[in-house]
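Below: one structure, written as structure tokens.
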């Protein structure tokens, strides 16, 4: 899996230093299922994606929905295990992060990531 760093360009804050790219059908299906809890510097970017679930997971995550320009369209803070996120029609990708990361980085709807 390829890894990238993702930052909030609007607030000059790093969201995660090591973000895995889930850009194949198999990687998107697998997502974070069966993984250990994310460290503070890890995440997963799912491309393309408009909705996620946490079925089978053992820990909550923060979820950020991004449009084609990497603008934050919506987010879910602390999405608990065995839940389904909203379906976000304007989303082109989803960034999954450790719970608490949205608040820690003060990320808001309308911010642009890079």
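Evaluate E = 1/(1 + (r/R0)^6) for residue 2 and residue 103, where r is the Cβ-Cβ distance and R0 equals 41 Å; express this FRET efficiency to the nearest 0.05. With R0 = 41 Å, the Cβ-Cβ based efficiency is 0.90.
Label-to-label distance, residue 82 versus residue 37, with points set 7 angstrom from Cα along the beta-carbon direction: 1.8 nm.
For region 3-104, the Kirkwood estimate of the hydrodynamic radius, built from every pair of different alpha carbons, is 13.4 Å.
Normalised by the number of residues in region 8-55, what is the relative contact order in percent for Cα pairs under 8 Å and 6+ residues apart?
Relative contact order here is 45 percent.
Hey, what number do you get for the chain at 222 nm if only DSSP H runs of n ≥ 4 count, each worth -39500 (n - 2.57), divided across all residues, to the nearest 500? Helix-only estimate at 222 nm: -1500 deg cm²/dmol. Here's the picture: a label point sits 7 Å out from the Cα of residue 67 along the beta-carbon direction, and within region 13-55 the residues with their amide nitrogen under 16 Å of it are 49-50. Counting every C-alpha pair in region 65-114, the share spaced more than 14 angstrom apart comes to 50%.
Remark: the residue 17-residue 55 segment gains 11.1 nm on full extension, using 0.36 nm per residue and subtracting the alpha carbon distance.
Every read-out reported here was derived from the displayed coordinates using simple, explicitly stated rules and does not represent laboratory data. All values derive from a computational prediction rather than experimental measurement. Every residue, glycine among them, receives a Cβ derived from its backbone with ideal geometry; neighbour counts consider all protein chains shown.
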